[in-house]
Amino acid sequence: MMRWHAAVLGLAIAAAAAQTLPPGYAGSDACKVCHADIYNAFSTSPHHELAVDAKKGWEGRACESCHGPGQKHATSADPKLIRNPAKLAPAAVDKICLTCHLNQPTQIGRLESSHANNQIPCITCHKVHGSEPLVVRKAPAINKLCAGCHLNEWAQFQRPFHHKLPEGDMSCVDCHNPHGSIRPAMFQSFAGNEPGCFACHGDKRGPFTFEHAPVRFEGCQACHEPHGSANPRMLTRANVRFVCLECHANLPTVPVKVAGVAPPAFHDLNLPLFQNCTVCHQKIHGSHVDRNLLK
């Protein structure tokens, strides 16, 4: 059995040599002798383009584009003589991937992303050989992948009021760019540098003649919990007035500049009439006609 294996391997290496491969390379046919299952699965992966596109420079040796020259490994079967990205440091794995993907739009922020800074390599999310999808596309599969690490965030989506991720109507990448972003928390951008929320909530975008400062300078998270909340409209507080009073109140503290205009004296917060600010101040995201955001 061993003689037969050696003979087949020898023929594969000889065939690879006939292709005038660079020194040290064995060619993908030599890899197939031992790794037939991976070789066959790889043929269904987008990375298989390396094996057939001469312009890529890896024709006939696609396996070695990631694993490095494999002639010594092929002749000895010693696992120490081949590069295995699964056993490399995350930074080394990223360096291999970015050899090809560095200048592609989706990878521009990879080196500055939280994933890279936290030593999360590309192959944590992307399955290279083709036995599993290289990039998951459907919302439930994306959410399951992200939830594997982000358990706390996924738990927040189980609250009564949440974005529709558990239902499969949205995915994490609708709001976050896993490869990095110019915004905090790898948040998606809209129209250049606007928060990604406006991709769906365009009516809140503005610009307005009379801006509500938190919307413009702090973003939606000033009043809303983006993943999920126990409060209606995903607010940070159970009652609307408590959200507003975080800024619009004369607090008994050392003299400081009030963050927002304090309610006038006739706003008796003990009366139900004044306990829901948005009954009167309807345009809380900004108004084109009223500086008090009444309409």
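Annotations
- Looking only at residues of region 208-229 that are at pLDDT 90 or above and open to solvent by 70 Å² or more (accessible area, probe 1.4 Å), we find that the one that is farthest from Arg159 (Cα to Cα) is Thr209.
- Region 73-88 - residue that is of a type in the set (A, V, I, L, M, F, W, C) and either open to solvent by 60 Å² or more (accessible area, probe 1.4 Å) or part of a helix (DSSP H, G or I) (or both) and, of those, farthest from Lys32 (Cα to Cα): Leu88
- In the set (1) of a type in the set (Gly, Ala, Ser); (2) surrounded by 13 or more Cβ atoms within 10 Å (Cβ to Cβ); (3) over 18 Å from Ala74 (Cα atoms), the condition left unmet by Ala26 is number (3).
- Considering region 138-183, and only residues there that are in a strand (DSSP E or B) and modelled with pLDDT of 95 or more, the residue that is surrounded by the most Cβ atoms within 10 Å (Cβ to Cβ) turns out to be His162.
- Residue list for region 44-72, filter: surrounded by 12 or more Cβ atoms within 10 Å (Cβ to Cβ), of a type in the set (Gly, Ala, Ser) and not in a helix (DSSP H, G or I): Ser45, Gly60, Ala62, Gly68, Gly70
- Phe217 vs. criteria free of Cβ contacts under 8 Å to residues at least 12 places away in the same chain and among the hydrophobic types (A, V, I, L, M, F, W, C): yes
- Qualifying residue in region 184-203 (condition: surrounded by 15 or more Cβ atoms within 10 Å (Cβ to Cβ) and of a type in the set (Asp, Glu)): yes
The values are calculated or read from the model by the stated rules, or taken from the named source; none is laboratory data. Treat the numbers as computed from the prediction; the structure is a model and nothing was measured. Every residue, glycine among them, receives a Cβ derived from its backbone with ideal geometry; neighbour counts consider all protein chains shown. Surface areas here come from the heavy atoms of the whole protein model, side chains and all, with no ligands, DNA or RNA. Shrake-Rupley method; radii C 1.70, N 1.55, O 1.52, S 1.80 Å.
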